[in-house]
1. Looking at the structure I just gave you, is Lys54 surrounded by fewer than 17 Cβ atoms within 10 Å (Cβ to Cβ) and within 11 Å of the chain's Cα centre (by Cα)?
2. What are the residue pairs meeting all of these: first residue in segment 5-16, first residue exposed (fewer than 15 other Cβ atoms within 10 Å of the Cβ), second residue of a type in the set (A, V, I, L, M, F, W, C), Cβ atoms under 6 Å, and 6 or more apart or on different chains?
3. Can you tell me which of (1) free of Cβ contacts under 8 Å to residues at least 12 places away in the same chain; (2) of a type in the set (Gly, Ala, Ser); (3) touching a Pro at 6+ places or on another chain (Cβ under 7 Å) is the one Gly42 doesn't meet?
4. Considering segment 17-51 alone, what residues qualify as being closer than 12 Å to Glu101 by Cβ and either of a type in the set (Asp, Glu) or open to solvent by 20 Å² or more (accessible area, probe 1.4 Å) (or both)?
5. Among (1) closer than 23 Å to Asn96 by Cβ; (2) free of Cβ contacts under 8 Å to residues at least 40 places away in the same chain; (3) surrounded by 14 or more Cβ atoms within 10 Å (Cβ to Cβ); (4) touching a Phe, Trp or Tyr at 6+ places or on another chain (Cβ under 8 Å), where does Thr64 come up short?
6. Based on what the data block shows, is Val73 of a type outside the set (Ser, Thr, Tyr), open to solvent by 80 Å² or more (accessible area, probe 1.4 Å) and under 14 Å from the mean Cα position of the chain (by Cα)?
Amino acid sequence: MAESKSLIKIKPNSYKSGDIVKVSFMVMHPMETGLRKDKKTGETIPEEYINSVKFEYNGKVITTMNVWETLSVNPVFTINMKVDGAGELKVTYTDNTGKVEETTEKIKPKG
């Protein structure tokens, strides 16, 4: 598989310490179940799906999600998070092939 791309979006764009924000983590991933066949070759496409997602804020785990192969291609994971000051948000996902990738976003409250 080619290198995955992922993105963290925080809404609203401007927030203060103490605010609750919506965090969306989007990842380009095939999410193959192992049940589909390649239309050209007729061979089964191997399983390749995200099985866990972890959100961390300043090194503290906010939540961990266990995921199944039945999610759509290029899934989006969304949480609500209280901003307790400036820092770093890190989202890490693992897939069933053992691949682990992480994306980070600076948290910069205004005021």
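The values are calculated or read from the model by the stated rules, or taken from the named source; none is laboratory data. No experiment lies behind these values; they were computed from the predicted model shown. All Cβ positions, even for glycine, are placed from backbone atoms using ideal geometry, and neighbour counts span all protein chains on display. Accessible surface is based on the protein model in full, side chains and every heavy atom, while ligands, DNA and RNA are left aside. Shrake-Rupley method; radii C 1.70, N 1.55, O 1.52, S 1.80 Å.
1. Numbers: surrounded by fewer than 17 Cβ atoms within 10 Å (Cβ to Cβ): yes; within 11 Å of the chain's Cα centre (by Cα): yes.
Considered against the rule, which asks whether it is surrounded by fewer than 17 Cβ atoms within 10 Å (Cβ to Cβ) and within 11 Å of the chain's Cα centre (by Cα), Lys54 comes out as yes.
2. Lys5/Met28; Leu7/Met26
3. That leaves (3) as the condition not met.
4. Applying the first criterion (closer than 12 Å to Glu101 by Cβ) to segment 17-51 yields 25, 27-29, 50.
Within segment 17-51, just Met28 meets the criteria.
5. Among (1) closer than 23 Å to Asn96 by Cβ; (2) free of Cβ contacts under 8 Å to residues at least 40 places away in the same chain; (3) surrounded by 14 or more Cβ atoms within 10 Å (Cβ to Cβ); (4) touching a Phe, Trp or Tyr at 6+ places or on another chain (Cβ under 8 Å), Thr64 violates only (3).
6. Working: of a type outside the set (Ser, Thr, Tyr): yes; open to solvent by 80 Å² or more (accessible area, probe 1.4 Å): yes; under 14 Å from the mean Cα position of the chain (by Cα): yes.
Taking the combined requirement at face value, the residue satisfies it.
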